[in-house]
Amino acid sequence: MPQNHPPTRLTLISHAATDAQRRATFPLDEPLEAAAYTKAVELGWRSPQAQQILCGPELRTRQTAEALRLPQEISQALRDCDYGRWAGQNLDEVHTADPEGVRKWLTDPEIAPHGGESVAKLTERTGVWIDQLQDTGHTIAVTHPAVIRAAIVFTLAAPLQTFWRIDIAPLSLTDLRFNGRSWTLRCSSCTLLGINESTAQIE
């Protein structure tokens, strides 16, 4: 008799809010805001069954996993985009110093004027990691808005320019499914407590 394997599912959780996010600053390895950590704890979120639970290596993703009472198995594939020499700087400051670089970065996904990682490279590495999850059951991953946007672009085979048109809120959930042929988007930037039982369970 054929074996019954759990369906392939990827649940991406965006880390809770940081001060850098609120100030539109390119991130370093800053912690969560204290109030954001408390909010994550107070959610009392109950994780659905999963075959593996992963976490990005940065402090803000590890703190989010801790607040949600999730194990912290670190995956480098879930690391944030590399913003190169812009890391730690406010977007307005960068725009004042290098307006042409910011313009190119926002309009050409193939280039990285900051010397780090382009949108195209981020989407490529995220897609390679996602494809490795086929036939692995349910994976929960705590990661960054940029990685989640890249995952959505990859899943939908959308033009890379759509990366900037996707809004991923802190402490939100994005759910992807693999049907044996391709990945599909089940929901995007849903609130953790807004997921009903039929969505939260393995189907």
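The values are calculated or read from the model by the stated rules, or taken from the named source; none is laboratory data. Since the structure is predicted, the reported quantities are computational estimates derived from the model, not experimental observations. Cβ coordinates were reconstructed from backbone atoms using ideal geometry, including for glycine residues, and neighbour counts include every protein chain displayed. Heads up: the accessible areas ignore ligands, DNA and RNA and are worked out on the full protein's heavy atoms, side chains in. Shrake-Rupley method; radii C 1.70, N 1.55, O 1.52, S 1.80 Å.
A few remarks follow.
- Accessible carbon and sulfur surface of region 43-82 relative to its total accessible area, %, 1.4 Å: 42
- Estimated [θ] at 222 nm from DSSP helical runs (n ≥ 4, -39500 (n - 2.57)) normalised by residues in the chain, nearest 500: -9000 deg cm²/dmol
- Per-atom-type breakdown for region 2-42 gives carbon and sulfur 57% of the accessible area (1.4 Å probe, protein chains only).
- Estimated dipole of the chain in Debye, rounded to 20 [Cβ of Lys and Arg +1, of Asp and Glu -1, Cα centre]: 420
- Springs join every pair of Cα atoms under 10 Å in this Gaussian network model of the chain, and among His95, His15, His114 the largest mean-square fluctuation is at His95.
- Accessible solvent surface per residue of the chain, calculated while the other protein chains remain in place, 1.4 angstrom probe, Å²: 50
- Top of Ser172, Ser75, Ser182 by mean-square fluctuation, Gaussian network on the chain, Cα under 10 Å: Ser182
- Isotropic mean projected area of the C-alpha convex hull, region 20-138 (nm²): 8.3
- Relative to the globular-protein estimate of 2.2 N^0.38 Å, the Cα radius of gyration of region 57-203 stands at 1.11.
- Net dipole in debye of region 64-141 [+1 Lys, Arg Cβ; -1 Asp, Glu Cβ; about Cα centre; nearest 20]: 80
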